[in-house]
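No value in this document is a laboratory result; all are computed from the given coordinates. All values reported here derive from a predicted model rather than from experimental measurement. Neighbour counts run over all protein chains shown; Cβ positions are idealised from the backbone, glycine included.
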Amino acid sequence: MKKIVSALFLLAFQTFAFAQEPAPYAQITNVLSRNTVSLSGDWNTLVDLYEEGFYNYRGKAKPLDQTMFMDQSFFADETRLVEYDFDHAPILKVPGDWNTQRADLYRYEGTIWYRKSFDWTRKEGKRYFLYFGAANYTSIVGLNRQLLGKHVGGFTPFDFEVTDVLKEGKNSLVVKVDNRRHTQDVPTTTFDWWNYGGITRDVCIIETPATFIRDYSLSLRKEAVPSDPKAAKKAERDVLKYGRTIEGWVRLDGAQASQTVTVEIPELNVRQQVTANAEGYAPFSFKAKVGLWSPESPKLYDVRISSGDDSVSDRIGFRTIEARGNELYLNGKKIFCRGVCIHEEKPYDAGGRSFSKEDARTLLGWVKELNGNFVRLAHYPHNETMIRTAEEMGIMVWSEIPVYWHIDWTNPETYANAENQLVENITRDRNRANIIIWSVSNETPLGDARLKFLSKLIDKAHEMDPTRLVSSAMEKTYIDRNTVTCNDPLAEKVDLMSFNEYVGWYDGDADKCDRVKWVFDIKKPVFISEFGGGALAGRHGDVKQRFTEENQEYLFQKQVVMFSKMEGLAGTTPWILKDFRSPKRFLTGIQDDYNRKGLISENGQKKKAFAVMQKWYEQLKKEYE
Ligand code: GCB
């Protein structure tokens, strides 16, 4: 069906070549520090269940001039038959999912047309880019009756150059957002979270000079620790004497691409100048006596990059992360990731996608209260504010793309889509010191096609970013009744032995934790990426009674004892910080469309299990810090 739809789409628009297809590495980074005009706020919207704005009654795609991208107004000339009018259409807020803004859209899956009119005054010599933080899932964007392009994937940013499309005076921006699910998509048709639709993150216009800084990277060079103790000591002394090597690159975009680039870190007295090549690529490296970023001391430096008429500032931290045998080292010091999983949902009752600094502070404040130093941002890239706030607060991050459960492993378009989401995620966040792990998938079934697909993604992540660890949330396997391991062949490829376990919830009852024994052939840091069980806050009963706070508390107590016997355990992220909406949860009076595995309810009420993790993490904190 999807193939037919795309074919029709192409047929209708073949004469309107896209100004810019989203391409790998294409998006502009660090938008927060650029010169922008926000288009967030009220947008007029039309709910188009039958795709009327796009297809005619024979099921054929309409020519562009008959689609809603034309932004016609019936009321402007009532002698013409135009059966829509954005000016009088209901409002949805951007950013924001549509499901929690209007009761009639609670379960809506389909197309909604968004229209924003805005006034514009052009400045000579400038370039303009229309930027979307994210829209779920397929977005087609038109500006002033011209198609700009299409973006697929609900959680990563995209932009289009609109220098020649913006008009002096009134402009019409129309976006068709469709969140229907399909088997070949990433994620596919079934997943355990709400399929929030809409333009869920900020939209803005970025203004740049003719040649501008599109992207850059700064990080500590990864240096192998010499195995010989004498050489290791010398390396340490050299660091004290000369500092560490910071390396990176800047990528310019524009006709004057081969110009000088200056990188400054005033606090370190760094001022480096390099000249970009004809493609605008300017690599550099220098030594600096740099203080390192860590959860205990989340040091960030003001960095300024300038070239010609453009300059971008950022706050950047420096650190190293490595796996040595079955141990994890941050800045050469052994760590334990005291984590928790989080979905991108608002912290309090209305739910819906979160995007604000305030939401990030509340959610991450709870992580701190738990004595945590780590979050697994499941199961897709969260908003940039969340990552940056975690970085400021000293919280390490596992960042993931939604390759979840059953993916169409043999479909090349599905692979291209997954890789594009990975590339957009790494491109946006590669300068964030707190991200230590890129994850390429969650709970995917063993098989050759899957192994090939995921191995390619892992290679891509390593190629784009050799400074971080790459992993996947795998699954456990029983060797015999009570002996458990993870024998996923992917374990050879990833940097961590990470898996979801759920002993005592999907797998037996909590007492089973006392019986199972964990063994691992491969010596890699063991990371429990999910475990836990459900409880409705305020529902009390016996420790054996499911969905009571006592049962969840008991399960966590048993899990913690089990963990203390696991060799090579380097981190845990219980599922999950807060109850979250899911259409897969049917128990009336208990679940009511919520997955109840949160340590905290959707209203911010802490359940008894919260205290179990808090106490265990407090002990670990003392042990490791
Ligand atoms: C899992 C999934 C997660 C689900 C969770 C559950 O293994 O990774 O997305 O929400 O289990 O609660 O069943």
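Dipole magnitude for the range 7-209: about 300 debye, using +1 per Lys or Arg Cβ and -1 per Asp or Glu Cβ, origin at the Cα centre.
Loop-located chymotrypsin sites (Phe, Trp or Tyr not before Pro) in the range 314-396 (DSSP state other than H, G, I, E, B) with a sparse environment of at most 16 neighbouring Cβ atoms within 10 Å: 348.
Between residue 37 and residue 222, the contour length at 0.36 nm per residue exceeds the alpha carbon distance by 62.8 nm. Classify the chain: rounded, prolate or oblate, from the alpha-carbon gyration tensor (a ≥ b ≥ c, eigenvalue square roots; a/c under 1.5 rounded; otherwise prolate if a/b is larger than b/c)? Verdict is oblate for the chain. Segment residue 236..residue 311, full-extension length gain: 23.5 nm, with 0.36 nm per residue of separation and the alpha-carbon distance subtracted. Taking label positions 7 Å along the Cα-Cβ direction at both residue 210 and residue 49, the computed distance is 5.3 nm, reported to one decimal. Multiplying the residue separation of residue 259 and residue 619 by 0.36 nm and subtracting their alpha-carbon distance yields 124.2 nm. Peptides 601-611, 231-241, 399-409, ordered by how many other C-beta atoms sit within 10 Å of their residues on average, highest first, read 399-409, 601-611, 231-241.
Each peptide in 437-446, 195-204 was scored by the mean count of other Cβ atoms within 10 Å over its residues; highest first, the order is 195-204, 437-446. Each residue of the range 132-144 was assigned a 3J(HN,Hα) from its phi angle through the Karplus expression (A = 6.51, B = -1.76, C = 1.60, θ = phi - 60°), giving 10, x, 4, 8, 9, 10, 10, 10, 10, 10, x, 10, 6 Hz with x at Gly and Pro. For the range 137-261, just say rounded, prolate or oblate: build the C-alpha gyration tensor, square-root its eigenvalues into a ≥ b ≥ c, call rounded for a/c under 1.5, and beyond that prolate if a/b exceeds b/c, oblate if not. Since a/c reaches 1.5 but b/c is at least a/b, the shape of the range 137-261 is classed as oblate. Residues whose amide H falls under 5 Å from that of residue 483, counting only those 5 or more places apart or on a different chain, are 517, with hydrogens built in the peptide plane. For the chain, a crude dipole built from +1 on the beta carbon of Lys and Arg and -1 on the beta carbon of Asp and Glu, taken about the Cα centre, is about 1540 debye to the nearest 20. Applying D = kT/(6 pi eta Rh) to the range 212-308, where Rh is the Kirkwood radius over alpha-carbon pairs, T corresponds to 25 °C and eta to 0.890 mPa s, the Stokes-Einstein value obtained is 164 µm²/s. Projecting the Cα atoms of 177, 92, 112 onto the dipole axis of the range 7-209, where Lys and Arg carry +1 and Asp and Glu carry -1 at the beta carbon, places 177 farthest toward the positive end. For the range 167-228, rounded, prolate or oblate, judged on the Cα gyration tensor with a ≥ b ≥ c (square roots of eigenvalues), a/c < 1.5 rounded, else prolate if a/b > b/c? Taking the square roots of the gyration eigenvalues as a ≥ b ≥ c, the range 167-228 is oblate.
Figure legend: label point modelled 7 angstrom from the Cα of residue 478 along Cα→Cβ; residues of the range 515-556 with amide N under 13 Å from it are 515-517.
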